[in-house]
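Visitor: Here you go, one structure.
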Amino acid sequence: MNLDRSRGLDELVAQVEGKPEAMVALARLLRPGDNPILAVKLCNRAVEMAPDNGEVRAIAQEVLSAGVPLWHFDIVRDHPRNNAYEAALRRAIFPGCKVLEIGAGSGLLAMMAARAGAAKVITCEIDAAIGSAAQAVVERNGFGDQVRVVVKHSTALDVEADLGGPADILVSEIVANDLLGEGVLPSMEDAIKRLIKPGAKILPFNGRVRVALGDDDEWEDSRMGSVAGFDLSPFNRISSPHRDIYVGASRLIMRSDAADLFSFDFASGGPYPDQKREISLISHGHRVNGIAQWIALDMDKDAVYENKPDPGTSSSWMIVYYPFERQLKTTPGQVVKVHARHDRQGLRLWVDLPN
């Protein structure tokens with residue numbers, strides 16, 4: 001089906017109504033455009049009308065899954081993360097309280113808040129397909145009366161129309177591998193100012209970017225040198241400045257103590273100006289070929305979640321590894337200076353290698 005832009009969308013929707021194949025075909029055209037909410041509704045209705053039509057289900061899943069990150073399916077199996085959030089929610093929640101969650105995802109944290117005793121939970125989600133699925137999860141588990149999913153970015157929420165007044169507790173899990181890449185800073189600045197009561201509890205209340213010297217056994221895989229008698233090293237100038245490594249991977253060994261590079265007081269609501277910092281990491285000795293970076297979330301005064309790269313551990317967040325241009329043979333006590341800069345959306349890190 002070709003979408004004739006000169007024809008009204010309402011007319012097209014009316015024409016496909018009751019025809020599941022045509023409904024999902026229209027949804028395919030709408031999903032990349034300006035009306036993802038309508039595309040999700042068309043898919044859901046089409047599947048309800050034709051549950052035994054395999055092609056309709058396949059097209060609907062293609063539309064609904066477009067742009068949904070795979071980490072949504074990994075993070076729910078991060079049991080230390082889940083336990084840290086649920087324990088903090090149980091400590092924070094009190095009878096009659098209202099909870100605002102930023103980033104509904106699967107609906108897991110919102111249901112944890114409801115199970116812990118929150119009278120009302122509003123969770124917002126910018127992606128219409130994710131929000132629709134989260135609402136279905138909430139209802140499937142019997143929390144439809146307590147939890148409501150609002151398909152909006154948190155900065156678009158109306159405190160009265162969407163929340164029914166400011167919230168008593170704010171919980172969020174909108175942090176990336178570098179802490180900042182999912183927009184946690186601008187979201188916190190807005191939410192603390194507009195959407196919660198003075199003195200509301202914030203979970204997590206603080207986030208830290210942590211670093212250490214590292215030795216990655218697969219360092220050479222990202223570098224070009226001599227190949228077939230040719231020097232390809234100039235190609236390294238266009239390589240990515242970092243790579244992701246699974247927490248607990250045996251390929252990575254820490255060669256220094258960990259240090260906090262940046263710390264962000266989410267509960268303060270900012271503002272969070274751009275910063276530049278230099279720190280010194282002291283080597284334990286042996287080979288060093290990069291900087292490992294990870295995150296720590298201070299849930300409350302009693303608990304911290306950290307995806308530290310210890311052997312045998314795991315996390316839904318990855319270690320961000322910044323490989324050096326060349327490997328170093330360090331001695332115990334040798335200092336490596338690390339430089340970093342962050343803005344409101346991301347982090348940059350580099351080093352001065354000794355001669």
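Visitor: If each of PHE235 and ASP10 carries a label point 7 Å out from its Cα toward its Cβ, how far apart are those two points in nm?
Guide: For the pair PHE235/ASP10, the computed spacing is 5.8 nm.
Visitor: By counting other Cβ atoms within 10 Å of each Cβ, how are PHE264, PHE94 ranked from fewest to most?
Guide: PHE94, PHE264
Visitor: Quick check: residue separation of ALA87 and ALA136 times 0.36 nm, minus the Cα distance between them. What number comes out in nm?
Guide: 15.2 nm is the gain from fully extending ALA87 to ALA136.
Visitor: Relative to the present Cα-Cα distance, how much length would full extension add between GLU325 and GLU218 at 0.36 nm per residue of separation?
Guide: Length difference between fully extended and current span is 37.2 nm.
Visitor: Net charge within 12 Å of ASP302 by Cβ-Cβ distance, Lys/Arg positive one each and Asp/Glu negative one each, not counting ASP302 itself?
Guide: Overall, the nearby charge balance is +1.
Visitor: What is the magnitude of the charge dipole of the chain about its Cα centre, with +1 placed on the Cβ of each Lys and Arg, -1 on the Cβ of each Asp and Glu, and no other charges, expressed in debye to the nearest 20?
Guide: Dipole magnitude for the chain comes out near 540 debye.
Visitor: Only Lys, Arg, Asp and Glu count, each charged at its Cβ (+1, +1, -1, -1), so figure out the dipole size of the range 206-351 about its Cα centre, rounded to 20 debye.
Guide: 440 debye
Visitor: Using a 10 Å cut-off on Cβ atoms, rank the peptides 121-127, 138-144, 253-259 from the highest mean neighbour count down.
Guide: Put in order of decreasing packing, that is 121-127, 253-259, 138-144.
Visitor: Once you place label points 7 Å from the Cα toward the Cβ at LEU29 and THR155, how far apart are they in nm?
Guide: Roughly 3.2 nm, to one decimal.
Visitor: Any chance you could get the radius of gyration and Dmax over the Cα atoms of the range 15-134, in Å?
Guide: 17.4, 53
Visitor: With viscosity set to 1.002 mPa s at 20 °C, what whole-number translational diffusion coefficient in µm²/s follows for the range 72-173 from Stokes-Einstein and a Kirkwood radius over Cα pairs?
Guide: 160 µm²/s
Visitor: I've got another one for you. Quick check: pseudo-label points 7 Å beyond the Cα along Cα→Cβ at GLN61 and LYS276, how many nm apart are they?
Guide: 5.1 nm
Visitor: Taking the highest mean first, how do the peptides 84-93, 325-334 order by number of other beta carbon atoms within 10 angstrom per residue?
Guide: Ranked from most to least packed, the peptides come out as 84-93, 325-334.
Visitor: Compute the FRET efficiency between GLN345 and ALA22 as 1/(1 + (r/R0)^6), taking r as their Cβ-Cβ distance and R0 = 41 Å, and round to the nearest 0.05.
Guide: Taking R0 as 41 Å, the efficiency between GLN345 and ALA22 is 0.55.
Visitor: Could you compute the FRET efficiency for LEU70 and ARG194, with r as their C-beta to C-beta distance and R0 at 35 Å, rounded to 0.05?
Guide: E(calc), rounded to 0.05, equals 0.60.
Visitor: Taking semi-axes √(5λ) of the Cα gyration tensor in Å straight from the coordinates, which label in (1) 39, 20, 20; (2) 42, 23, 17; (3) 41, 28, 18 is the correct one?
Guide: Computing semi-axes √(5λ) of the Cα gyration tensor in Å and matching it to (1) 39, 20, 20; (2) 42, 23, 17; (3) 41, 28, 18 gives (3).
Visitor: Kirkwood-based Rg over Rh for the range 206-351 (C-alpha set), two decimals?
Guide: That ratio equals 1.00.
Visitor: Between ASP302 and ASP257, how high is the FRET efficiency from 1/(1 + (r/R0)^6) when r is the Cβ-Cβ distance and R₀ = 22 Å? Nearest 0.05.
Guide: Efficiency at R0 = 22 Å is approximately 0.35.
Visitor: Same structure, new question: Would you calculate a helix-derived [θ] at 222 nm for the chain, using -39,500 (n - 2.57) for each DSSP H run of n ≥ 4 and dividing by the full residue count, to the nearest 500?
Guide: -8000 deg cm²/dmol
Coordinate-derived values only; no laboratory data. The shown structure was predicted, so the numbers you read here are calculated from the model rather than taken from an experiment. Positions of Cβ are generated from backbone atoms using ideal geometry, with glycine treated the same way; all protein chains shown enter the neighbour counts.
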